[in-house]
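*Asks:* Mind looking over this structure? Questions follow.
The values are calculated or read from the model by the stated rules, or taken from the named source; none is laboratory data. The shown structure was predicted, so the numbers you read here are calculated from the model rather than taken from an experiment. With ideal geometry, Cβ positions are generated from the backbone for all residues, glycine too; neighbour counts draw on all protein chains shown. Each accessible area value is taken on the protein alone, full model and side chains, heavy atoms only, with ligands, DNA and RNA left out. Shrake-Rupley method; radii C 1.70, N 1.55, O 1.52, S 1.80 Å.
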Amino acid sequence: MKEFFPSVSKIAYEGPDSATPLSFKHYNPSEKIAGKTMAEHFRFSVCYWHTFKGLGADPFGPGTMIRDYNAPSDPMESAEMTLRAAFEFFTKLGVGFWCFHDRDIAPEGGSLAETNKRLDTIVKLAAQLQKDTGVKLLWGTANLFSHRRYMAGAATNPSPAVFAHAAAQVKKAMEVTHELGGEGYVFWGGREGYDTLLNTDMGRELDHLGRFLHMAVDYKKKIGFGGQFYIEPKPKEPTKHQYDFDAASCYAFLQKYGLVDHLKLNLEANHGTLAGHTFHHELEFAAANGILGSVDANRGDLLLGWDTDQFPTDLYDTTLAMYTLLRYGGFTTGGLNFDAKVRRQSIDAVDLFHAHVGGMDAFARGLKIAARIIEDGKLPGFVKDRYKGWEGPLGQKIEKGQAGFEELEAYTLEHGEPEIQSGRQEMLENMFNEYIA
Ligand code: XUL
Ligand code: CO
């Protein structure tokens, strides 16, 4: 069997003192932190699109990366070689999961029937490779945004025929995800949004998106697919305004269309920052509302206003993310998928390994630090203490719905000006820095 990454052997955990660049300094899959192994905490996944199909193209030029598994003259041969290379990569990196769009793994043919046939061929090989390696599918999804037919959206397209095509595509993508034992299925908006309201019936488009997702829920039941559905928020790009803007607007959408029991969120760090939030905010919002499902890990660049999808290396970010995940019990069906790409100048295949190793280590450090913060109890204790008034008779009456405006007016008239307390932000930030150090 051809080896596609001959210069790299299985990446080992060597500990923080190791000088080997391609080794884990912090991610030790079997090490237990806060009751679970690191592998169980993270459920790391590699995404197929950036890692194996992204070759460094940008709006100013084509790809820069030459891969020997990419043979454009024969797309199916290329698809098969790429898949074999991918499983070699997953195994050498030591991740348990992968994620794909239907069109990443098999190229589109001249008709839907031919496209589905091609997909079936590749899925058969994927099933075999999963079996051989033990690598599992975290989630599958459909690419409803690259082909020109979807230029005005898929489920929100002004044409019902395009809506139908998208439905047919998602039907098949769900079937193959099910066939591969996928633990989830993602709906990212793609081009579900608008560039100008002058040509858009927003209310109708949103109704159609709600209908589309209900059809998916029905079909899921029909085929007995037990995986978790996720919706992935993103505020802009490719359209000026994406309907699945951020965690909060997705939650409102799911509630309005009666979908909240069927979908959780797949939160991507760079999408959060594009929406003007922090990744931490998006995670905390989802967790607090019981809809935190999975994570697309990456980061943006503070100076650039687009989805740069860089590998996560910022310890503040990874620590805060793990702080929320740990406090809310962590992943169940979800995991941490690197929806990230190496920079255009990082042209060697080995750069893919450096990128993932760095991301995994950054999250492993974040996990250890977050676990220390929680175990130490000072920071969470401060928050608890800040709200302690709510445990008293007044707070309890309000929380239990036993007080109204009149009673609260009487209380205020009797007790006068309330005592206020410092938020101690600077002290808390200093404390946080001490844990990171
Ligand atoms: C796009 C993005 C997608 C989804 C899956 O920004 O994040 O790759 O994760 O469709
Ligand atoms: Co993503």
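*Asks:* Could you list, in sequence order, the residues of region 410-437 that are of a type outside the set (Phe, Trp, Tyr) and within 17 Å of Gly395 (Cβ to Cβ)?
*Replies:* Those that are of a type outside the set (Phe, Trp, Tyr) and within 17 Å of Gly395 (Cβ to Cβ): Ala410, Thr412, Glu414, His415, Pro418, Glu419, Ile420, Gln421.
*Asks:* Suppose we keep only residues that are polar (S, T, N, Q) and surrounded by fewer than 19 Cβ atoms within 10 Å (Cβ to Cβ) within region 55-101. Which one would you say is farthest from Lys10 (Cα to Cα)?
*Replies:* Here the answer is Ser73.
*Asks:* Note down all Cβ pairs under 6 Å where the first residue falls in region 73-93 and is more than 14 Å from Val123 (Cβ to Cβ), the second is open to solvent by 50 Å² or more (accessible area, probe 1.4 Å), and they're at least six residues apart or on different chains.
*Replies:* Filtered contacts from region 73-93: Ser78/Asn70; Thr91/Thr133; Lys92/Lys10.
*Asks:* Shifting gears a bit: Select, from Arg211, Arg204, Arg191, the only residue that is in contact with a helix residue (DSSP H, G or I) (Cβ under 6 Å, 6 or more places away or on another chain) and either at pLDDT 95 or above or closer than 27 Å to Leu336 by Cα (or both).
*Replies:* Arg191
*Asks:* Taking the options Lys36, Lys53, name whichever one is touching a residue at least 12 places away in the same chain (Cβ under 8 Å), assigned by TED's automatic domain parsing to the domain that holds His356, away from ligand 2 (no atom under 16 Å from the Cβ) and within 23 Å of the chain's Cα centre (by Cα). Talk me through it step by step, then tell me what you get.
*Replies:* Numbers: Lys53 fails: away from ligand 2 (no atom under 16 Å from the Cβ).
None of the others qualify; the one that does is Lys36.
*Asks:* Which condition does Gly377 not pass, out of (1) on the phi > 0 side of the Ramachandran plot; (2) surrounded by 13 or more Cβ atoms within 10 Å (Cβ to Cβ), if it passes all the others?
*Replies:* (2)
Residue-wise test of (1) buried (at least 20 other Cβ atoms within 10 Å of the Cβ); (2) farther than 22 Å from Trp139 by Cα; (3) within 12 Å of ligand 1 (Cβ to nearest atom); (4) acidic (Asp, Glu).
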{"site": "Ala269", "(1), (2), (3), (4)": "yes, no, yes, no"}
{"site": "Phe279", "(1), (2), (3), (4)": "yes, no, no, no"}
{"site": "Phe285", "(1), (2), (3), (4)": "yes, yes, no, no"}
{"site": "Ser294", "(1), (2), (3), (4)": "yes, no, yes, no"}
{"site": "Asn298", "(1), (2), (3), (4)": "yes, no, yes, no"}
{"site": "Leu303", "(1), (2), (3), (4)": "no, yes, no, no"}
{"site": "Tyr316", "(1), (2), (3), (4)": "no, yes, no, no"}
{"site": "Leu325", "(1), (2), (3), (4)": "yes, no, no, no"}
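*Asks:* Turning to a different aspect of this structure: Got at least one residue in region 31-49 being closer than 19 Å to Phe4 by Cβ, open to solvent by 10 Å² or more (accessible area, probe 1.4 Å) and within 16 Å of ligand 1 (Cβ to nearest atom)?
*Replies:* Yes, there is a match, as at least one residue in region 31-49 is closer than 19 Å to Phe4 by Cβ, open to solvent by 10 Å² or more (accessible area, probe 1.4 Å) and within 16 Å of ligand 1 (Cβ to nearest atom).
A quick yes/no check of all residues on (1) under 25 Å from Gly182 (Cβ atoms); (2) surrounded by fewer than 21 Cβ atoms within 10 Å (Cβ to Cβ); (3) within 16 Å of ligand 1 (Cβ to nearest atom); (4) modelled with pLDDT of 95 or more:
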| site | (1), (2), (3), (4) |
| --- | --- |
| Lys341 | yes, no, yes, yes |
| Ala370 | no, no, no, yes |
| Arg386 | no, yes, no, yes |
| Lys397 | no, yes, no, yes |
| Ala410 | no, yes, no, yes |
| Glu417 | no, yes, no, yes |
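*Asks:* Also, quick follow-up: Can you tell me which residue within region 233-253, out of those that are among the charged types (D, E, K, R) and surrounded by 22 or more Cβ atoms within 10 Å (Cβ to Cβ), is nearest to ligand 1 (Cβ to nearest atom)?
*Replies:* My answer is Lys234.
*Asks:* Let me ask another. Yes or no: Ala168 open to solvent by less than 30 Å² (accessible area, probe 1.4 Å) and small (Gly, Ala, Ser)?
*Replies:* On the way: open to solvent by less than 30 Å² (accessible area, probe 1.4 Å): no; small (Gly, Ala, Ser): yes.
No, not satisfied.
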